[in-house]
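Enquirer: Got a structure for you, written out below as structure tokens; questions coming shortly.
The values are calculated or read from the model by the stated rules, or taken from the named source; none is laboratory data. These numbers come from a predicted model, not from an experiment. Every residue, glycine as well, gets a Cβ built from its backbone with ideal geometry; the counts of neighbours run over all protein chains shown.
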Amino acid sequence: MLYRDAGQFKDTYSADQQIFPIRQDRIGITLVLLFAFPVVPVIGNQYWLSAILIPFLISALAALGLNILTGYAGQLSLGTAAFMAVGAFASYNFVLRVPGMPILVSFVLAGIMAALVGIVFGLPSLRIKGFYLAVATLAAQFFADWAFLRVPYFTNDSSSGSVSVASLSVFGLSIESPVSKYLFCLTIVCVFALLAKNLVRGHLGREWMAIRDMDVAAAVIGIRPVYAKLTAFAVSSFIVGVAGALWGFVYLGSWEPAAFSIDRSFQLLFMVIIGGLGSIMGSFFGAAFIVLLPLFLSQVPHLLGIPLTVTVASHLEFMIFGSLIVFFLVVEPHGLARLWSTAKEKLRLWPFPH
Amino acid sequence: MQALQIFISGIAQGCIYGLVALGLVLIYKTTETVSFAQGELMMLGAFAGFALMTLLGFPFWLALFATIVVMALFGIALERIVIRPILGQPAFSLVMLTIGIGYVARGLVTMIPAIGTETHTLPVPYKDQIWNLAGLVLNVEQMVVIAATAVLSALLYLLFRYSKLGIAMQAASQNQLAAYYMGIPVKRLNGIAWGLASAVAAVAGLLLAPITFVHANMGFIGLKAFPAAVVGGFSSLPGAIVGGLIIGASEKLAEIYIPQFLNAPLTEAMGVSVNLAGLEIWFPYALALAFLLIRPEGLFGEKHIDRV
């Protein structure tokens, strides 16, 4: 009853084609944005902003990129952290070696570098699919691990293998405090989410979904598999590269190649699976789940008054994390996005049962 | 001579990869699931053997037998409780589920106080022994790995060729529906396949333990079993072993000889100091990738062409 769209007539083409055709959706997203932009920086404390919201936003962006590749185009990729590393190190090198390069331009260039690397490692997808492609992307992951560790050019001949960045400034505004970092990330994530949503609604997105569902039939009706698959890799790696650059510059500040190891790849995959494959909203849900869950688990023994040493608590949290993922996959394999859309469907009829 | 020595140690390492890949291919053939949990099952097998030998004081052969039985039962239970409910789901969810199982296993082991987070040595009777044979210095632990792999492969060959269970498993993997019609209990066979794969992984863990010691991160070695299975062919059990041997030998040889021969010429050619050390972390995958582009069905697999 709350969610019915009865009475909402569209009388222009642009009204019919908008992203949120139902008025309740538009009100909801406006409220979320009004809360996120002006209210959260005021009420949020430094811990929430810098340790929870910023990693959530950047992880959601990376999960968005991975969702485009795996959820929309159906190409399984286990090497996402490698593309994040390419983005982070490329951005670092552009800022280091080109005097006076603005941060945003370096992020875009880093994304383009990551897209190029993504196309190279996506070439196997033209001949192999499914699990074998996963092994090929594992090759990308380990190759990136090795390259950023062993080739001194990328880390500017750093003896410890780690790089660090100075303070950022965008359009003359300095991005130092948690509030400014949070707003910077939030703006970039919103822009990319809007671009991604429009991309998957349009011609290219439909080509990707056709390739995912039945690539032989897609080729029969005239969709070029080479173009679709390589653009999927390119767009996804661009977004993941920008997310990697954000991760390094805004969240970490200083990092070494081990920050983008295979654990990170698996974590992003978990976000995408739990959030829901093939759903922009799902990337955000999954990122929230994965970022917030360890915090929640570390607080629960404390709240229940059970005395646990720190080490046992952290191992227990690891185990509960894994078993929750297993439980979630058994109970709802389509992820949180499916739960969300089911809830919306039920809301249309509430309080009637059918 | 040094090349032969490196080759032999590569073969020994490759036997471990081959055993883990064997379990992988076994599970794939019967349930069409790619299990990323094989590495962690190997780690659990090593820890189980360690617990039986040090905590319960079992002698070596009894501990070996008991570990195999315990891990086989664990594999059967795992299939029944966790895998069977979601067998019909898309393959991607199953893969992520097995990765999740790996996380749970690792978390469980590290949670055990004072044992899970330390590195332990497995008290095997042949520890630290060396044979001097015709100028070669052979590590007995590595020889045991090669011998045990050969024996296990022979046993499994006999199982699949001559026993009723083995023939039933082959039938179920070739055509599940026809196997159902012939009265073969396919669901039970899936459980047995998982139990067998866990037992093989446990043997691999016990064989690997004297070389790399028993610790909670042993499972990452299992990731190299994927290129081994790809090279050998995902639908072929002997191919898994052969693929493992190829990956192990080539990885070791590449680790030593590629930097030795290519560092100097590349440094001269490119003007910057080039150090190709440590490339064994991605060399097996590059090899698997080359195989995928040239011969996707692997050395022994069946051809399956889907031209688009």
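Enquirer: Counting only residues that are more than 23 Å from the chain's Cα centre (by Cα) and within 14 Å of chain B (Cβ to nearest Cβ), how many does segment A:331-353 have?
Expert: Matching residues across segment A:331-353 total 1.
Enquirer: Which is within 22 Å of the chain's Cα centre (by Cα), of a type in the set (A, V, I, L, M) and modelled with pLDDT under 85, of B:VAL109, B:VAL124?
Expert: Details: B:VAL109 fails: modelled with pLDDT under 85.
Residue meeting the stated conditions: B:VAL124.
Enquirer: If I ask for residues that are of a type in the set (A, V, I, L, M) and at the interface with chain A (Cβ under 7 Å from one of its Cβ atoms), which ones from segment B:96-108 would you list?
Expert: Within segment B:96-108, B:MET96, B:LEU97, B:ILE99, B:ILE101, B:VAL104, B:LEU108 meet the criteria.
Enquirer: Also: On the basis of being surrounded by 15 or more Cβ atoms within 10 Å (Cβ to Cβ), more than 21 Å from A:LEU76 (Cα to Cα) and of a type in the set (Val, Ile, Thr), does A:VAL291 make the cut?
Expert: For A:VAL291, the condition - surrounded by 15 or more Cβ atoms within 10 Å (Cβ to Cβ), more than 21 Å from A:LEU76 (Cα to Cα) and of a type in the set (Val, Ile, Thr) - is met.
Enquirer: Identify the single condition in (1) of a type outside the set (D, E, K, R); (2) surrounded by fewer than 24 Cβ atoms within 10 Å (Cβ to Cβ); (3) more than 15 Å from the chain's Cα centre (by Cα) that A:GLN141 does not satisfy, given that it satisfies every other one.
Expert: Here A:GLN141 clears every test but (2).
Enquirer: Would you pick out the residues in segment A:180-221 that are surrounded by fewer than 18 Cβ atoms within 10 Å (Cβ to Cβ), of a type in the set (Gly, Ala, Ser) and within 27 Å of B:ALA91 (Cα to Cα)?
Expert: Within segment A:180-221, A:ALA217, A:ALA219 meet the criteria.
Enquirer: If you take just the helices (runs of 4 or more DSSP H) that sit entirely in segment A:218-309, which of them hold at least 2 residues that are away from chain B (no Cβ under 14 Å) and at pLDDT 85 or above?
Expert: Once the helices (runs of 4 or more DSSP H) in segment A:218-309 are filtered for at least 2 residues that are away from chain B (no Cβ under 14 Å) and at pLDDT 85 or above, what remains is A:225-246, A:280-304.
Enquirer: Sticking with this structure for a sec: Has segment B:249-259 got at least one residue that is at pLDDT below 90 and within 11 Å of chain A (Cβ to nearest Cβ)?
Expert: Within segment B:249-259, one or more residues are at pLDDT below 90 and within 11 Å of chain A (Cβ to nearest Cβ).
Enquirer: Select from segment B:85-95 the residues that are touching a residue at least 12 places away in the same chain (Cβ under 8 Å) and over 18 Å from the mean Cα position of the chain (by Cα) and write down the one among them that is nearest to the other protein chains (Cβ to nearest Cβ). Show your work before the answer.
Expert: Keep residues of segment B:85-95 that are touching a residue at least 12 places away in the same chain (Cβ under 8 Å), which gives B:87, B:91, B:94-95.
Checking the rest, the ones that are also over 18 Å from the mean Cα position of the chain (by Cα) come to B:87, B:91, B:94.
Values: B:LEU87: 11, B:ALA91: 7, B:LEU94: 8 Å.
Result: B:ALA91.
Enquirer: Do you know which of the residues in segment A:55-78 that are out of contact with any Leu (no Cβ under 9 Å at 6 or more places or on another chain) and of a type outside the set (Gly, Ala, Ser) is surrounded by the most Cβ atoms within 10 Å (Cβ to Cβ)?
Expert: Among those that are out of contact with any Leu (no Cβ under 9 Å at 6 or more places or on another chain) and of a type outside the set (Gly, Ala, Ser), it is A:LEU64.
Enquirer: State whether the residues of segment A:85-106 include one that is crowded, with 20+ Cβ neighbours inside 10 Å, within 14 Å of another protein chain (Cβ to nearest Cβ) and closer than 24 Å to B:ALA228 by Cβ.
Expert: no
Enquirer: May I pose another question? Name the single residue, out of those in segment B:222-245 being farther than 22 Å from B:GLN174 by Cα and away from every other protein chain (no Cβ under 11 Å), that is surrounded by the most Cβ atoms within 10 Å (Cβ to Cβ).
Expert: Top of the filtered list is B:GLY244.
Enquirer: Can you pull out every residue in segment B:260-296 that is at the interface with another protein chain (Cβ under 10 Å from one of its Cβ atoms), in a helix (DSSP H, G or I) and of a type outside the set (A, V, I, L, M)?
Expert: B:GLU280, B:PHE283, B:PRO284, B:TYR285, B:PHE291
Enquirer: Output the residues belonging to segment A:165-185 that are small (Gly, Ala, Ser) and closer than 18 Å to A:LEU57 by Cβ.
Expert: Correct list: A:SER177, A:SER180.
Enquirer: Right, next: Please tell me if B:PHE58 is of a type in the set (Phe, Trp, Tyr), on the phi < 0 side of the Ramachandran plot and in a helix (DSSP H, G or I).
Expert: no
Enquirer: If you go through segment A:253-265 one residue at a time, do you hit one that is under 30 Å from B:ARG84 (Cα atoms) and surrounded by fewer than 21 Cβ atoms within 10 Å (Cβ to Cβ)?
Expert: Checking segment A:253-265: at least one residue is under 30 Å from B:ARG84 (Cα atoms) and surrounded by fewer than 21 Cβ atoms within 10 Å (Cβ to Cβ).
Enquirer: Now, a different point. Among the listed residues B:ALA63, B:ALA72, B:ALA91, identify the single one that is in contact with a Gly (Cβ under 9 Å, 6 or more places away or on another chain) and within 18 Å of A:VAL330 (Cβ to Cβ).
Expert: Being in contact with a Gly (Cβ under 9 Å, 6 or more places away or on another chain) and within 18 Å of A:VAL330 (Cβ to Cβ) holds for just one of B:ALA63, B:ALA72, B:ALA91, which is B:ALA91.
Enquirer: Consider A:TRP247 carefully, then state whether it is at negative phi and surrounded by fewer than 23 Cβ atoms within 10 Å (Cβ to Cβ).
Expert: Judged against the criteria, A:TRP247 is not a match.
Enquirer: Further question: Any residue at all in segment A:132-142 that is within 8 Å of chain B (Cβ to nearest Cβ) and either of a type in the set (Asp, Glu) or out of contact with any helix residue (DSSP H, G or I) (no Cβ under 7 Å at 6 or more places or on another chain) (or both)? Give the steps one after another, and end with the answer.
Expert: The first filter runs over segment A:132-142 and keeps only residues within 8 Å of chain B (Cβ to nearest Cβ), leaving A:132, A:134-136, A:138-139, A:142.
This time we only want the ones that are either of a type in the set (Asp, Glu) or out of contact with any helix residue (DSSP H, G or I) (no Cβ under 7 Å at 6 or more places or on another chain) (or both), so: A:134.
Looking through segment A:132-142, at least one residue is within 8 Å of chain B (Cβ to nearest Cβ) and either of a type in the set (Asp, Glu) or out of contact with any helix residue (DSSP H, G or I) (no Cβ under 7 Å at 6 or more places or on another chain) (or both).
Enquirer: Residue under question is A:SER323, and the condition is that it be within 13 Å of chain B (Cβ to nearest Cβ), part of a helix (DSSP H, G or I), farther than 17 Å from A:ALA62 by Cβ and modelled with pLDDT of 80 or more; does it hold?
Expert: yes
Enquirer: Any chance segment B:159-174 includes a residue that's charged (D, E, K, R) and part of a helix (DSSP H, G or I)?
Expert: Within segment B:159-174, one or more residues are charged (D, E, K, R) and part of a helix (DSSP H, G or I).
Enquirer: Would you point out the residue of segment B:114-140, among those that are within 12 Å of chain A (Cβ to nearest Cβ) and in contact with a helix residue (DSSP H, G or I) (Cβ under 7 Å, 6 or more places away or on another chain), that is surrounded by the fewest Cβ atoms within 10 Å (Cβ to Cβ)?
Expert: Checked segment B:114-140; the qualifying residue surrounded by the fewest Cβ atoms within 10 Å (Cβ to Cβ) is B:THR117.
Enquirer: Consider segment A:73-100. How many of its residues are of a type in the set (A, V, I, L, M) and outside any helix (DSSP H, G or I)?
Expert: Of the residues in segment A:73-100, 4 are of a type in the set (A, V, I, L, M) and outside any helix (DSSP H, G or I).
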